[in-house]
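J.: The following block contains the structure, expressed as structure tokens.
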């Protein structure tokens, strides 16, 4: 019962911080809300007895990736006032429809989960599971892992080039 309450509280916090990330006026505030979101995800991992994933979540995402985001945000000149016109290609109604669809799916998942009996399993990451996770990441998914790291590097270089043009 306590696990379920902790899960729903953390899930609500994660969704709330996620909404604040995309609605914040200041980019720096948006990144700080992202840090809070990542920390709540780490707390959710702790409730699932996956302490290794929680530590990795804090070190990699809340630490490294967010520092990279802040570096890029501070490097790119954001002191310009926001544009007064809105993009005519923006599909706001489609976004609302998709959001409602996701909400309906979440309600359906909650309703189905509530009606089925709870399955108990051996959760958590044992040292053997951590070894399996490492093997999967660095053997089976090595190419996607490296592609993601190259994309992050290209994005950082692109931000530096864009910032240098304006200096």
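The numbers here are math on the coordinates, done by the rules we state, and not lab data. No experiment lies behind these values; they were computed from the predicted model shown. Methodologically, a virtual Cβ is constructed for each residue, glycine included, from the backbone with ideal geometry; neighbour enumeration extends over all protein chains shown.
J.: When 138, 69 are ordered from fewest to most other Cβ atoms inside 10 Å of their Cβ, what list results? Please report the intermediate quantities before stating the final value.
T.: Working: 138 11, 69 19.
Neighbour counts put them in this order, fewest first: 138, 69.
J.: Separate question: Calculate how large, on average over all directions, the projected area of the Cα convex hull of the stretch 1-75 is; give the answer in nm² to one decimal. Write down the numbers at each step before the final one.
T.: Details: hull surface 18.7 nm².
Averaging across all directions leaves 4.7 nm² for the Cα convex hull.
J.: Additional query: How much length would be gained if the chain were fully extended between residue 142 and residue 12, taking 0.36 nm per residue of separation minus their Cα-Cα distance, in nm to one decimal? Walk me through the numbers before you get to the answer.
T.: Values: separation 130, 0.36 × 130 = 46.80 nm, distance 3.34 nm.
Using 0.36 nm per residue and subtracting the Cα-Cα distance, I get 43.5 nm.
J.: Can you give the Kirkwood hydrodynamic radius for the stretch 126-167, in Å, rounded to one decimal and based on Cα pairs?
T.: Details: mean 1/r = 0.0809 Å⁻¹.
The answer is 12.4 Å.
J.: By count of other Cβ within 10 Å, fewest leading, how are 14, 109 ordered?
T.: Numbers: 14 18, 109 10.
Fewest-to-most Cβ neighbours within 10 Å comes out as 109, 14.
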